[in-house]
C-alpha cells in the first residue's frame, strides 16, 4: 500500500514537472511556405493529419530526433519534419532558429560503446571523448574484458589525434595514453586479484554514418608495468558506435 | 583651420591638466555644468532597448525507466526479475540502450530430485546483468483505443552484449530482443520486451551455451 502511495506521489511529481515545463515559454514560428504538413507521429511513415497555411503561427513544443512536435493555431498537434520547420520564420521575419546539426568535424563531445577483443578475451567497451581542437581529443575509456581464466576492468585516459577531421566517411587516428587494469582470476581454488599500471599506443579510424551517428575502430598495444623482469605486452582491438553533441 | 587645431589642442591640454590636478582627490567629484533651464518637453522620449530572447526548443531524445518481469534461467526455473533501462534515440529508426537487472535463480531439477545436492551457494544464485544494445524500430505505427484515441507505437528489435554475473562468475553474454513500445503520452511509454541472454556456461561440467529468456513490462519516461 505504502509503495503504491509512493508510486502515485512520484507520478504526481512527474506530472507537476511536466506542467511546469509547459509554462516554459515556447517558440512560435510563422509558416512562410504555402503550407506545412503535420504528421501523426515522429517518423516518415506516419500520415499527414493536419496542414497549416502560410502566415499562420505554429507553437513548437519539443523535438524528438529529427521531428518537432508543434501546435497549430486552433490547438491541433502534430509532428513536423526538421527540414520543413527550418523553412519557417520567426515573427520578426528572421529564419527559424532550428539548432544546426552538430558539426561532424568540430563537435565537442562523443559518447560510444562497442565490442572488442582484449588479450584474447571478449571486451565490452564504453568511451567518452572531449575534443580540444578539431583534430585532438581527450579520450576516456572504461571497459570490461571477460575471459575463461580471468575478468578484467580496464580504465584508460589518453590523447588521440585525428589526421583529417574533415574527411567524413573515413579518417585515420593515432593515440597515446595511460591505463590501469584490475584482474580477478576465475580459476579456483584461490581467486587471485591484481592491479597493473599500463601505457598504450593506438591506431584507428572513424567515420560518420548519419548526421548523429559515427563508427570507430581501434587497435591498441599495451605495455603492462608489472613486477617481473620483462614487461608484459597486450593487444586489443575494438569497434563501436558513438553519438556526438 | 590652424585656429581650430590649436583650440582642440588647447582643450586637450586643459582636460589633461584637470586630470592631473584632480589626481590627489579622493573619489571623483561630480562635475556640474550650469545649463540654462531646459524647456519642459512635450513628448517624453521613452526609448528602451527591447529584450529579444528566442525560446529554445527542448529536445526529448532520452528515455529512462524501470522494468519487471520473469526470467527463465536455464536449468534453474523461471524467476522474477527487476531492472532499469536508459535509451538515447539517435534517429527515428535507431536508438542506443543500456539495461541493468537482477534476478535470483531457483532450484535446478537436479536439486529438486536430490534435495541434498546444492549446485549453487546462496550468493551464487544471484543473476545480475548489464547490457549495451543497439535498437531498430522495425514497425513504427499507431494503435487505437476506441474512436477518439491514437497512441504512437513501435515494434523494435535490439541486439547487444554485456556481462552476466551468475554462479559468482562474470560471463560475456550476447542478447537478442524484440520489444513493443506504446507512448501513452508524449513523455510516458510502456514497453513489452522479450530478450534472450546467451552465454557459455560450464556449471554442469560441460561447456554449453545457455539461453536465458526474459519477458518484461517497462514503464519509461522521455526527457
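No value in this document is a laboratory result; all are computed from the given coordinates. Here the structure is a predicted model, which means the values were calculated and not measured. Positions of Cβ are backbone-derived with ideal geometry, glycine not excepted, and every protein chain shown enters the neighbour counts.
Fewest-first ordering of B:130, A:200, B:82 by other beta carbons within 10 Å of each residue's beta carbon gives B:82, B:130, A:200. Wrap a convex hull around the Cα atoms of the protein assembly as shown, take a quarter of its surface area, and give that in square nanometres. The directionally averaged projection comes out at 43.7 nm². For segment A:19-99, the gyration tensor built on C-alpha atoms gives a rounded shape. Its axis ratio a/c (a ≥ b ≥ c) stays under 1.5. With contributions of -39500 (n - 2.57) from each DSSP H run of at least four residues, the per-residue ellipticity at 222 nm computed over chain A stands at -3500 deg cm²/dmol. Working note: Debye formula, equal point scatterers on the alpha-carbon atoms of chain A, no solvent; log10 I(q)/I(0) at q = 0.09, 0.11, 0.12 Å⁻¹ is -0.63, -0.80, -0.86.
In segment B:69-108, inverting the average of 1/r over every pair of distinct C-alpha atoms gives 11.9 Å as the Kirkwood radius.
Placing a pseudo-label 7 Å from each Cα along the Cα-to-Cβ vector at residue B:100 and residue A:48 gives an inter-label distance of 4.7 nm. Placing one equal scatterer on every Cα of segment B:95-223 and applying the Debye formula, the log10 ratio I(q)/I(0) at q = 0.11, 0.18 Å⁻¹ is -0.50, -0.99. Averaged over peptide B:85-91, the number of partner chain Cβ atoms lying within 10 Å of each residue's Cβ comes to 4. Placing dummy labels 7 Å off each Cα toward the beta-carbon, the span from residue A:187 to residue B:82 is 3.9 nm. Histogrammed with a bin width of 10 Å, the alpha carbon distances of segment B:44-94 distribute as 16, 21, 20, 15, 10, 8, 5, 3, 1 percent, first bin at zero. For residue B:44 and residue A:136, a Förster radius of 56 Å and the Cβ-Cβ distance give a FRET efficiency of 0.45, rounded to the nearest 0.05. Once you divide the Cα radius of gyration of segment A:109-245 by 2.2 N^0.38 Å, the number left is 1.10.
For segment A:54-181, the calculated P(r), taken from all Cα-Cα distances in 5 Å bins from zero up to the bin holding the longest distance, is 2, 9, 13, 14, 11, 10, 10, 9, 8, 7, 4, 2, 1, 0 percent. Distance between the C-alpha centres of segment B:86-139 and segment B:149-223: 7 Å, rounded to the whole angstrom.
Among the residues of B:171-184, the average count of other protein chain beta-carbon atoms within 10 Å of the residue beta-carbon is 2.
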